[in-house]
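To start, the structure itself, in structure tokens.
Every number in this text was worked out from the coordinates using simple rules, so none of it is lab data. Small disclaimer: the values here were computed from a predicted structure and weren't measured. Reconstructed Cβ throughout: ideal geometry from the backbone, glycine too, with neighbour counts over all protein chains shown.
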Amino acid sequence: MFALHDHKALVVGVANDQSIAWGCAKALRDQGADLAITYLNGRAESHVRPLAESIGASLVLPLDVSVPGELEAVFDQIAARWGRLDTVLHSIAFCPKEDLHGRVIDCSAEGFAKAMDVSVHSFLRMIRLAVPLMREGGTCMTVSFYGAEKVVEHYNVMGPVKAALESVVRYAAAELGEKRISVHALSPGPLKTRAASGIGHFDDLLTAAAERAPTHLLASIEDVGAFAAFLASREAANVTGGVHQIDGGYSIIG
């Protein structure tokens, strides 16, 4: 139905072979996209680089969005290598553990600011840097969760943070529509990733999600990747601003 040949995509957030970003990277590559993949730091590189090389990524670059200049350096290398960009996939989030595991009302100002900067504002910065390279249009995607919309036990302050991220998607989509740049949030139900395991009682959350979903199946990184690849395609060019639930129907059950 669609293909991504001669398509240039940046994927941010691969940590290991269970990452949502890895599922998206594989799907984009399977449809023919040329990839730039980032890793957080030297320790992460040993896990990420073999994965990136296994699917023939053209660029494998360091990126910690909290370090000044690193994001700009990534886009500089993309501009030098490709001269353009078609897709950005942002799949990173962070909150200090002491704030993540406490009540929302007890979250420190510093912890809240850090969570918002890494999880939300970094997406805005990526979009801003991508726009000049998306001269013929493009797609910007991020990853959210149902806890942005409804209270999910133990998700805590990441709920308000993801709600801000989803609002950013809508405003950015409205601002960039004339440039034919679409903006999306992918919202899978609970799935087993290393990052999500930091949430308290996460195994209980997974069990409850499978019981609640009409399909009785958890989303997989392959499910998310398939949807991301479609949104990156020309066939989805007139779709923008949405929060796309990829959760076996988990979010429709009251």
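Give me the extension gain from Glu45 to Ile252: residue separation times 0.36 nm, minus the current Cα-Cα distance, reported in nm with one decimal.
70.7 nm
Could you work out how far helix 70-81 tilts from the main Cα principal axis of the chain, as a 0 to 90 degree angle to the nearest 10?
30 degrees
Within region 84-120, whose backbone N sits under 16 Å from a point 7 Å along Cα→Cβ of Asp6?
Correct set: 84-87.
Ala164 versus Asp64, label points 7 Å from Cα toward the beta carbon: distance in nm?
2.1 nm
Per the helix-only calculation at 222 nm, which mean residue ellipticity applies to the chain, given -39500 (n - 2.57) for every DSSP H run of n ≥ 4 and division by its residues, nearest 500 deg cm²/dmol?
-12000 deg cm²/dmol
Report, to the nearest 10°, how far helix 20-30 tilts away from the longest principal axis of the Cα atoms in the chain, using its own Cα long axis and a range of 0 to 90°.
It works out to around 30 degrees.
Write out the trypsin sites (Lys or Arg not before Pro) in region 129-174 meeting two conditions: DSSP loop, and at most 11 other Cβ atoms within 10 Å of their Cβ.
Numbers: sites: Arg135, Lys150, Lys162, Arg170; in loops: Arg135, Lys150.
Sites meeting the loop and neighbour criteria: Lys150.
In whole angstrom, how long is each semi-axis of the equivalent ellipsoid of the chain, when you take the square root of 5 times every eigenvalue of its Cα gyration tensor and sort them from largest down?
27, 20, 18
Could you let me know the centre-to-centre spacing of region 16-73 and region 104-181, using Cα atoms, in angstrom?
Each part reduced to its Cα centre gives a spacing of 20 Å.
Below 8 Å, C-alpha to C-alpha, sequence gap of six or more: please give me the relative contact order for region 1-84 in percent.
Worked out over region 1-84, it gives 26 percent.
If packing is taken as the mean number of other Cβ atoms within 10 Å per residue, what is the order of 213-225, 72-84, 4-16, highest first? If you can, show how the numbers build up before the last one.
Numbers: 213-225: 18.2, 72-84: 14.5, 4-16: 21.4.
In decreasing order of mean packing, 213-225, 72-84, 4-16 become 4-16, 213-225, 72-84.
Working out 0.36 nm times the residue gap between Glu178 and Asp76, then minus their Cα-Cα distance, what length gain in nm do you get to one decimal?
34.2 nm
If region 10-51 were replaced by its equivalent ellipsoid, with semi-axes equal to the square roots of 5 times the Cα gyration tensor eigenvalues, what would those be, largest first, whole Å?
They are 18, 10, 8 Å, listed largest first.
At R0 = 41 Å, how high is the FRET efficiency between Glu222 and Glu110 if r is their beta carbon distance? Nearest 0.05 is fine.
The calculated FRET efficiency here is 0.65.
Highest mean first, what order results for 18-30, 226-238 on Cβ atoms within 10 Å? Display every interim value, and only then the final one.
Values: 18-30: 24.2, 226-238: 19.2.
Output ranking for 18-30, 226-238: 18-30, 226-238.
Could you work out how far helix 42-54 tilts from the main Cα principal axis of the chain, as a 0 to 90 degree angle to the nearest 10?
Tilt relative to the chain: about 60 degrees.
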